[in-house]
Each structure stands twice: as C-alpha cells, then as structure tokens.
Amino acid sequence: GVLLGLLKEYVDDTVGSPTDVALFLKLPYLGLIPEVRGEMSRKERTLFTVSNSDSAVAEAIRSIRAMLELNQGTGNFRKLMVSSAAAAEGKTATVVRLGVAYAQVGKRVLLIDADLRRPQIHKVFDMDRKIGLTTGLLGEAHLDELPRRTPIEGLHVVAAGPQVLQPNELLSSNRMKEVMDAYAERYDLVILDTPPVGAVSDALVLSQVVDGVALVVRAKAHSRVLIRHTVDRLKQVNANILGLVLNAVRIEGSR
C-alpha cells in the first residue's frame with residue numbers, strides 16, 4: 001500500500017499543494033480555498049462566503065486578501081487581475097469572493113468582467129449585459145453609467161457588455177487603459193476577471209493595464225506543464241505575478 005501510494009504520487013503531474021507551487025512553479029503561494037460541497041447552484045456556490053461568513057472558505061479568502069496586501073508593499077496598488085490557465089478553475093468565484101472580502105473591510109471595490117468571450121459575473125448578480133465594458137470601450141456609454149450596485153455594501157460591478165466580434169482588439173486599445181486608470185481613481189480596488197491565459201491572448205494584453213496578477217489553479221485538475229506554460233507566457237510580457245491560489249482543495253470537515 002505504501003509503495004502504491006508513492007507510485008501514485010510520483011506519476012501525479014498535477015498541482016495540488018503549496019509544495020508543488022514553490023518547487024515546480026517557483027511562484028509565491030497566496031493560499032488555498034477549500035472545496036465547497038453540497039447541492040447548490042453556481043450562483044450560490046460563488047456567493048457562498050456572503051451567506052457563510054464564518055466558514056473555512058470565507059476565512060481562506062480573508063487570508064488570501066491579507067497575502068495580497070502584504071505582496072503589494074507600500075506602492076499604489078489599485079488594479080488586480082485574476083486569471084487561470086484553463087477554464088473551470090474557479091477564477092470568477094475567486095474574483096467575486098475577493099471583492100466581497102475587500103468590501104467587508106470598508107473598501108470601495110469594482111469588479112469588471114473582462115472575459116468578453118464567456119462572461120459570468122452578470123449572471124452571479126442577476127444583471128443584464130446591455131450596458132457594460134464593451135459599450136464603454138466603444139464610446140456608446142459614459143463610464144459613470146457602467147458600474148452597478150450589488151447587494152454587498154461597497155461592491156460594484158461592470159458587466160462585460162454586448163458581445164463584440166474582435167474582443168482582443170478592443171481590450172488592447174488605449175481606451176482600455178484609460179478606463180482602468182479612470183476607475184482606479186474612483187475605487188480603492190478594481191478587480192478584473194479575464195479569460196484563461198492558456199486559451200486566448202486577452203489575459204496577456206490585460207496584464208499590462210493592471211498592477212498585479214493572481215493565478216487561480218484548481219487543485220489536482222491540470223498538469224504542471226500547462227501551469228508552467230501559463231506562467232511563462234505571463235513572464236514573457238513582464239506581467240507582475242503576485243502569486244497563485246489553489247482552489248477547490250478537498251479538506252475533510254471543511255465547509
């Protein structure tokens with residue numbers, strides 16, 4: 001049994017522990033988020049920390065918030081990007097939960113859904129996409145019209161907006177930088193949700209208009225090779241990688 005366990009560990013090429021993050025990826029470890037169990041909708045799972053503020057998941061998010069604040073140093077840090085290597089890692093849930101955690105300590109927080117290909121944040125808060133980031137970037141709506149309130153005090157959301165044919169060109173425009181700078185002056189923290197780095201180049205482009213990048217990796221889901229490739233792509237464009245969050249970690253007794 002011991003030999004089988006060692007063999008399994010040897011052939012397992014996934015990222016599943018802080019040791020994997022430090023040893024194989026050579027990235028700062030921001031923390032882990034326990035897996036949320038039980039039958040619930042995607043919206044309920046994403047907003048789990050709102051209704052379960054004393055849970056292990058909520059405490060983990062607060063710990064990650066503290067690590068991000070420590071990594072920021074004394075600089076002017078107002079723009080954070082959260083991305084992943086592949087789809088279904090839990091980055092959108094992490095974006096929302098981080099936004100809630102910062103808002104709960106009195107920060108004015110703006111979440112921007114910059115995943116123009118598969119946007120999700122508007123679904124979490126039951127919003128439409130008629131007005132959003134794309135309408136702002138195209139000059140079809142004023143920036144003051146885009147942020148919408150959420151039930152969480154201090155937390156606002158900019159939806160992705162109507163679908164566009166060439167999202168990468170829109171996100172890489174000078175207008176996107178202007179939008180980010182403008183919102184950074186109005187909010188204490190702006191958090192971007194982006195497409196996975198490994199899927200399209202949108203996240204690489206957006207990494208240039210933020211102060212730092214946090215990567216979300218679902219535990220035991222993808223190979224180290226894929227994650228390393230993601231990290232290498234971000235480093236090639238000189239993105240400021242703040243660290244990695246392990247998501248959906250199975251911990252016995254957690255909730």
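Odds and ends about this structure:
- Looking across the range 185-209, the residues that are surrounded by fewer than 23 Cβ atoms within 10 Å (Cβ to Cβ) and either within 16 Å of Leu137 (Cβ to Cβ) or among the basic types (Lys, Arg) (or both) come down to Arg186, Asp202, Val205, Gln208, Val209.
- Subset of the range 31-59 that is among the hydrophobic types (A, V, I, L, M, F, W, C), in a loop (DSSP other than H, G, I, E, B) and over 18 Å from Val217 (Cα atoms) - its residue that is nearest to the chain's Cα centre (by Cα): Leu47
- Matching residues in the range 133-152 - criterion: being over 27 Å from Ser51 (Cα atoms) and either surrounded by 13 or more Cβ atoms within 10 Å (Cβ to Cβ) or in contact with a helix residue (DSSP H, G or I) (Cβ under 7 Å, 6 or more places away or on another chain) (or both): Leu133, Thr134, Thr135, Gly136, Leu137, Leu138, Ala141, Leu143, Glu145
- Asp181 vs. criteria among the acidic types (Asp, Glu) and open to solvent by 20 Å² or more (accessible area, probe 1.4 Å): yes
- Of all residues in the range 64-77, at least one satisfies being modelled with pLDDT under 95, closer than 27 Å to His229 by Cα, in a loop (DSSP other than H, G, I, E, B) and not β-branched (Val, Ile, Thr).
- For the residues Gly99, Gly106, the requirement of being open to solvent by less than 30 Å² (accessible area, probe 1.4 Å) and not hydrophobic (A, V, I, L, M, F, W, C) singles out Gly99.
- Conditions (1) surrounded by fewer than 24 Cβ atoms within 10 Å (Cβ to Cβ); (2) under 24 Å from Arg62 (Cα atoms); number of the one not met by Gln166: (2)
- Condition check for Arg129 on (1) open to solvent by 30 Å² or more (accessible area, probe 1.4 Å); (2) within 25 Å of Val231 (Cα to Cα): one failure, at (2).
The values are calculated or read from the model by the stated rules, or taken from the named source; none is laboratory data. Everything numeric in this text was worked out from a predicted model, so none of it was measured. Cβ coordinates were reconstructed from backbone atoms using ideal geometry, including for glycine residues, and neighbour counts include every protein chain displayed. Just the protein is used for accessible areas: all its heavy atoms, side chains included, with ligands, DNA and RNA removed. Shrake-Rupley method; radii C 1.70, N 1.55, O 1.52, S 1.80 Å.
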